[in-house]
1. What number, rounded to the nearest 500 deg cm²/dmol, is the helix-based mean residue ellipticity at 222 nm of the chain, given -39500 (n - 2.57) per DSSP H run of at least four residues and division by all its residues?
2. Does region 363-513 classify as rounded, prolate or oblate by the C-alpha gyration tensor (a ≥ b ≥ c root eigenvalues; a/c under 1.5 gives rounded; else a/b over b/c gives prolate, otherwise oblate)?
3. Just reorder Tyr652, Tyr376 by solvent-accessible area, largest first, 1.4 Å probe, all chains present.
4. Given that just one value was derived from the coordinates, which of [x] 52, 31, 27; [y] 94, 53, 19; [z] 55, 30, 23 is semi-axes √(5λ) of the Cα gyration tensor in Å?
5. Cross-link partners among aspartates and glutamates for Lys174, C-alpha distance below 20 Å, same-chain residues fewer than 8 apart left out?
6. Write down the accessible area per residue of the chain in Å², having rolled a 1.4 Å probe over the full set of protein chains.
7. So what's the net charge close to Asn226: Lys and Arg +1, Asp and Glu -1, counting the other residues with Cβ under 10 Å from its Cβ?
8. Using alpha carbons only, how many degrees (0 to 90, rounded to 10) separate the axis of helix 440-450 from the longest principal axis of the chain?
Amino acid sequence: MSYALKHTKQRKHTNREALMILNDLNQPIIESTELGEFFEALCAANYENYEGLIKAHNINFETLLPFASWSSKSYRRICLASNEECELILLCWDKGQKTPIHSHDGQKCWVYFAKGEFEEFLYAKGQKNKLLQKNRVAEGQVTFLTDEIGFHSLENKSSGLGMTLHLYANPITKCQVYSESKKEFENKELQYDIDLSDSNRDTEMSADLLTFIQLSQELLKDENDNPVSQRIPSSELKKVLNIGLEENGINEDQFVETLKKIVLATPKTSSSLFFNQLFGGRESKAVLGDLLAVMLNNSMYTYKVGGVQGGIEKEIINQVIDRLDYGPHAGGTFPSGGSMSNFMAILMARDKVNEVSRQTGLKINMIAYTSAESHYSIEKNAAFIGIGRENVRKISVNEIGEMRVDSLKAAIDKDLEAGNTPFFVNATAGTTVLGAFDPIKELGEVCRAYNIWMHVDGAYKGSVLLSEKYKHLLEGSNQADSFSFNPHKMLGAPLTCSVIVVKDKKHLHDSFSNNAEYLYQTDEDDFNLGKTSFQCGRRSDALKLWTLWKSKGRKGLERIVDKQFELADYAREYVRNHPDYELYSFDDSIAICFNYKNISADQLCTDLYEHDELMVGYGKFRENEFVRMVTINHAHTKEDIEHFFKVIEAFYTN
């Protein structure tokens with residue numbers, strides 16, 4: 001049923017009419033039980049009062065929308081209900097789509113035109129392609145067809161989407177269809193594109209999927225009407241929303257209503273006014289992959305349980321390895337996030353230098369190095385692997401936040417003189433605040449000279465790997481021992497989706513593999529992915545990235561990345577060209593750091609958040625504090641960027 005989401009995207013996505021339809025929704029969406037009652041009433045009335053029952057049960061386009069799914073290639077046939085005597089079929093049409101000339105093998109057919117204007121073509125019985133008449137049918141009308149009339153076809157003549165509801169007395173299994181290529185009629189077996197009838201679905205699961213679609217439609221509509229959710233103070237949550245848990249459950253109506261309130265109260269991270277984090281937006285094909293991963297519910301530790309999902313994960317890993325030119329011995333995995341990727345990297349680096357530490361613990365003083373502007377997880381992970389936070393050296397940065405190579409070399413020399421063991425350098429591809437890229441190539445030369453593991457933390461901006469225009473920002477990454485990035489950031493995949501690759505996959509095995517005969521019971525060891533990951537039970541985070549990559553191709557992912565830099569350039573020019581703003585960031589970054597009218601960044605962000613105007617954060621670099629706007633949602637437009645600034649200006653003007 002998640003297919004129906006294809007035509008309910010947020011504005012600026014491809015299907016603009018679907019959004020227009022959603023904006024006009026005023027009536028409650030039909031429940032599956034109500035559809036069943038309508039179908040039962042049709043059967044009881046021997047189908048003779050189709051039009052009257054449609055009106056009596058309030059069946060219309062809005063109430064049928066949750067069951068709908070369109071395709072640009074051809075109209076879709078969706079079975080809503082069926083029994084031995086009749087069937088109820090929903091046809092969903094894109095602009096200009098038309099059925100071939102066909103007959104119904106003796107069935108009676110009532111057609112309700114729920115959306116759009118259509119033309120009905122009637123052909124002479126016995127003269128199968130001789131047109132007798134054309135009838136224009138308006139939205140809301142009902143027509144009746146039998147083979148006594150002859151052969152016929154329908155065409156969507158409206159300027160956009162169409163929908164018709166067909167009731168057939170006796171289910172249709174075959175019909176005669178005119179082949180335009182062969183210029184003759186053929187007997188054709190009929191199949192549904194989607195079967196939602198009770199005979200083909202689990203009732204409770206189907207009802208919950210329909211609820212999911214309903215709530216998703218409500219969310220998409222509300223994102224456009226109210227891009228910023230009304231803030232609820234944390235102290236008021238239990239008073240405003242029914243989030244408490246009790247001994248007994250609540251009834252279905254209360255459950256759905258409670259869930260709706262929770263969904264609409266949650267911060268909207270895909271709206272036109274969300275610029276707060278290093279993620280944002282919604283890629284529908286990636287959402288589809290994530291939903292399917294939930295439905296499939298595989299774990300990735302063995303090929304026996306993961307199956308083809310393991311193959312999908314390995315295909316993505318191999319593509320990343322090829323882009324990095326890592327060579328034939330490389331490998332990788334999907335950790336639970338960027339912090340976990342960094343943990344795996346620093347642990348492998350420790351084990352390479354101090355192999356016995358896995359068994360006996362640390363006996364030597366090991367030192368890690370990272371930029372003063374790097375992610376906080378480096379210090380946290382140093383504590384986890386036993387070297388201690390104090391053994392992480394914070395290396396100074398230049399005026400745009402890049403690690404200074406001379407300072408790194410000096411720090412390593414100092415530690416060697418003190419008898420310490422340098423073992424790990426973390427190079428950041430996209431610092432959290434300014435979005436700076438450390439000089440990876442030069443850092444790599446230092447690491448090779450001292451035989452130190454270099455990891456590239458590309459959680460934020462490592463996705464530039466897929467862009468020919470911006471890949472140069474990662475120059476030297478092919479010499480790193482490990483590289484990680486988060487597709488849930490620049491590529492718009494749902495949280496979480498993280499990838500780490502290593503130049504020599506033996507380090508994954510050495511640090512993370514344990515024998516477990518109860519688990520690894522197949523001989524396809526290269527696909528027993530639990531042996532190269534930190535986790536045992538692990539969902540398929542690869543499927544959402546695969547569905548996105550498969551549908552758009554590498555070039556489509558490149559366009560997603562490049563668009564973010566284009567939006568950032570536009571935002572920086574706006575700041576530069578307006579005297580009330582002061583710019584603190586630089587080109588080749590999707591972080592735009594600024595202040596407005598000398599208002600403190602903390603105060604500005606808090607004001608806008610508490611008044612439900614927009615969501616944006618602030619950051620610090622050296623002595624400066626500033627607003628940090630991130631153009632990571634490629635679905636945004638230049639108009640959205642300009643609107644962002646206008647909201648700030650209007651708020652402080654008023």
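1. Values: 19 runs with 227 residues, N = 654.
Helix-only estimate at 222 nm: -11000 deg cm²/dmol.
2. Values: a/c = 1.64, a/b = 1.33, b/c = 1.24.
Judged from the Cα gyration tensor, region 363-513 comes out prolate (a/c at least 1.5, a/b above b/c).
3. Tyr376, Tyr652
4. Recomputing semi-axes √(5λ) of the Cα gyration tensor in Å here gives the entry labelled [z].
5. Answer for Lys174, where 20 Å is the Cα cut-off: Glu84, Glu85, Glu87, Asp105, Asp147, Glu148, Glu184, Glu186, Glu189, Asp193, Asp195, listed by chain and number.
6. 46 Å²
7. On the way: positive: Lys221, Lys268; negative: Asp222, Glu223, Asp225, Asp612.
Neighbour charge sum, excluding Asn226 itself: -2.
8. 50 degrees
The values are calculated or read from the model by the stated rules, or taken from the named source; none is laboratory data. Keep in mind that this is a model prediction, so the values were computed, not measured. Cβ atoms come from the backbone with ideal geometry, glycine included; neighbour counts cover every protein chain shown. Accessible surface is based on the protein model in full, side chains and every heavy atom, while ligands, DNA and RNA are left aside. Shrake-Rupley method; radii C 1.70, N 1.55, O 1.52, S 1.80 Å.
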